[in-house]
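Report on the structure given below.
We did not get these values from a lab; they are worked out from the coordinates using the rules stated. In this text, all values refer to a predicted model and were calculated from it rather than measured experimentally. Every residue, glycine as well, gets a Cβ built from its backbone with ideal geometry; the counts of neighbours run over all protein chains shown.
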Amino acid sequence: MNDYLLSILLGIIEGLTEFLPVSSTAHLRIAEALFQIDLGNGFWKMYSIVIQLGAILALTAFFWRRILNFLHTFPRGERGDRTLFTHPLSLVMIAFVVTAIPAFLLTKLIGKNLENLHVMAWALLIGGIVMWLVDSLFVRPSVHHMEETNLPTAIWIGAVQVLSAVFPGTSRSMCTIAAGQVAGMSREAALEFSFFLSIPTMFVATGYDLLKTLKPHPGTEAIAPLAMTPHLWIVLGLGFLTSFVVALVVVAWFLHWVRRHGFTPFAIYRIVLGLGLLAALASGMLGR
């Protein structure tokens, strides 16, 4: 396939799946296997990181007014009933730290599973079943707005998010949304908290991945120095821009969808995709 078309396609996949509870990592890995992209190629390693950055910048652009309002009202909150440890910004950062520490300590384990399609297939399947059960059983929320989130809930969501780092295919979004619903948050409140938590999580994760790839530890391969030609810059730019635009549209649509519907269709999709991936792997269609 033409590099430009491939870049646009991968950008669309990233933008579509990054914030939906279906695992962008699994979808990109499947696409890479289908199109036989060399995962050891330095450019494509960097490309996968850059398009993730495009998606997270889209989220920041979408919520910029809310972010500025949170900064303006910190730490007392809009109604003056919040503290340094209960303001929405603080809770998001606390949840991030709860995720970041064990994720950092489990770096080697995470690295082993990062490109494993079998792990992703089972994570898609099991995660879909869990999401379906949670969305069906936890239907009487006590927290209807993200601003009402408390400290124990933030810690709980951060802890559950670790699963998405250890088992690629689980989906960071699925983990945080389901954890929020179990803790008594409404679908919309859980989704909004998931969105805001993804900003520091993804910025740090993509930055760390890029640094680790450019300046790796002894025994690992670097992508630098990488000879970037005008052709490669265009491919990279197309992927970044496509991911940004598609993610922007998806975030707006997803918020509207959640206000009217549940997460069950996404759970069913995960189950079908997981079973299909297991079947493809068993038949040898996608290799390992």
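Run the helix sum for the chain: -39,500 (n - 2.57) per DSSP H stretch of 4+ residues, divided by residue count, reported at 222 nm to the nearest 500 deg cm²/dmol. Intermediate values should be presented prior to the final figure.
Numbers: 12 runs with 209 residues, N = 288.
Taken over the chain, the calculation gives -24500 deg cm²/dmol.
List residues of the range 37-68, by number, whose backbone nitrogen lies under 20 Å from a label position 7 Å along Cα→C-beta of His231. Flagged as within label range: 37-48.
Counting neighbouring Cβ atoms within 10 Å and putting the fewest first, the residues Phe62, Phe19, Phe96 line up as Phe62, Phe96, Phe19. Taking 0.36 nm per residue of sequence separation and removing the Cα-Cα distance, the Leu133/Thr60 pair yields an extension gain of 23.2 nm.
Using θ = phi - 60° in the Karplus curve 6.51 cos²θ - 1.76 cosθ + 1.60, the 3J(HN,Hα) couplings for the range 51-64 round to 5, 5, 5, x, 5, 5, 5, 5, 5, 4, 5, 5, 9, 4 Hz; x is entered for Gly and Pro. Compare Arg260, Arg66, Arg79 in a GNM of the chain, Cα atoms joined below 10 Å, and give the one with the largest fluctuation. Looking only at Arg260, Arg66, Arg79, the largest GNM fluctuation is found for Arg79.
Ignoring GluC sites (Glu not before Pro) that are buried or in helix or strand per DSSP, and keeping those with at most 15 other beta carbon atoms within 10 Å, what is the longest stretch of the chain between them?
Free of exposed loop sites, the longest segment is 116-220.
Relative to the longest principal axis of the Cα atoms of the chain, the long axis of helix 3-17 makes an angle of roughly 20 degrees.
Taking each residue as 0.36 nm, the span from Val166 to Leu255 lengthens on full extension beyond its C-alpha to C-alpha distance by 29.3 nm. Springs join every pair of Cα atoms under 10 Å in this Gaussian network model of the chain, and among Ile110, Ile51, Ile177 the largest mean-square fluctuation is at Ile110.
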